[in-house]
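Below is one structure, written out as structure tokens; the observations come after it.
The values are calculated or read from the model by the stated rules, or taken from the named source; none is laboratory data. Predicted model, so just to flag it, every value in this text is computed and none were measured. Here the Cβ positions follow ideal geometry from the backbone for every residue, glycine too, while neighbour counts run over all protein chains shown.
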Amino acid sequence: MPVSSLTDPALEDVRDLLDTGFEHGEMITLVGRCAIDYDGRASSHLPPGERLVICKPDGTLLVHRDEQRKPVNWQPPGSTHSVCLDDDRLIVESVRSSPHEELEITFKTVAQASRLELDDMSELALEGSEEDLRQRILADPDILETGFNAMATERETSAGPIDIYGQDADGTPIAVELKRRRVGPDAVGQLNRYVEALERNRPGKSVRGILVAPSVTERATELLASEGLEFVSLTPEQADTS
């Protein structure tokens, strides 16, 4: 796993480690106090602070603070990384060619630097997702209700895309909202907005709304009843009846 790791190193040693890591296509991690300048589709400057920088072999670069899951700055796969010393500063540069974007990270101090060679050829097998629910319903529409005809997925409306749009056995349109976990009033409100958006295009004609989820809260049950919407209890696993 670790090829080389340095703690409280001299900046010259960090430069040499990064040069070798970039040349060999290894993952690099850096922890230290740095300032960040970006120029591309916009321009930005982030004053100095203690941050984690990750440079991946595919060209991805991520800058993380000690909170939140999203990076504060990043470069996408395909970028090219380089490093240099400028007086008492270590500068890591990441350049994307098309569209042209540059990210320059200037370190005054580095607390930790590592070269990592990771062996990970496994594929992520995602189970129990909303997409799994959708595919099961499309494969066997009667799971939702007898006679249901699925006509479109991600059907666009003024309120956003509907997970599944179809008709019941009598030809009445149905908006189906899928949720993989127990949900509350927010999901009911979302479904109601889809139904209202469809009804605005069908003056005088009704549209049914069905919320599909493993379970709903008591407040959601009350809201479903007051809005004239329906609920079908279904989990991704239960949807597979083969």
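Observations on the structure shown:
- Out of PRO185, PRO203, sole residue that is over 27 Å from the mean Cα position of the chain (by Cα), in the same structural domain as VAL232 (by TED's automatic domain parsing) and modelled with pLDDT under 95: PRO203
- Residues satisfying the stated conditions in the range 81-112, i.e. hydroxyl-bearing (Ser, Thr, Tyr), more than 16 Å from PRO48 (Cβ to Cβ) and at pLDDT 95 or above: SER82, SER94
- When the residues of the range 76-118 are filtered to those that are closer than 16 Å to GLU12 by Cβ and not in a strand (DSSP E or B), the one that is nearest to the chain's Cα centre (by Cα) is ASP88.
- Counted residues, the range 194-216 - those being surrounded by fewer than 17 Cβ atoms within 10 Å (Cβ to Cβ) and more than 24 Å from ARG136 (Cα to Cα): 9
- Test: residue in the range 44-54 that is surrounded by fewer than 18 Cβ atoms within 10 Å (Cβ to Cβ), at pLDDT 95 or above and of a type in the set (D, E, K, R): yes
- Some residue of the range 15-36 being among the β-branched types (Val, Ile, Thr), in a helix (DSSP H, G or I) and under 18 Å from GLU117 (Cβ atoms): yes
- Some residue of the range 3-11 being part of a helix (DSSP H, G or I), out of contact with any Pro (no Cβ under 9 Å at 6 or more places or on another chain) and in contact (Cβ under 8 Å) with a residue 24 or more places away in the chain: yes
- Candidates in the range 143-199 are the residues that are touching a Pro at 6+ places or on another chain (Cβ under 7 Å) and aliphatic (A, V, I, L, M); of these, the one that is farthest from LEU229 (Cα to Cα) is ALA150.
- If you check SER114, SER97 for being more than 20 Å from HIS45 (Cα to Cα), in contact (Cβ under 8 Å) with a residue 12 or more places away in the chain and buried (at least 17 other Cβ atoms within 10 Å of the Cβ), only one passes: SER114.
- Within the range 147-155, not a single residue is of a type in the set (Val, Ile, Thr), surrounded by 15 or more Cβ atoms within 10 Å (Cβ to Cβ) and farther than 18 Å from GLU131 by Cα.
- Check on ALA169, surrounded by fewer than 19 Cβ atoms within 10 Å (Cβ to Cβ) and under 27 Å from the mean Cα position of the chain (by Cα): no
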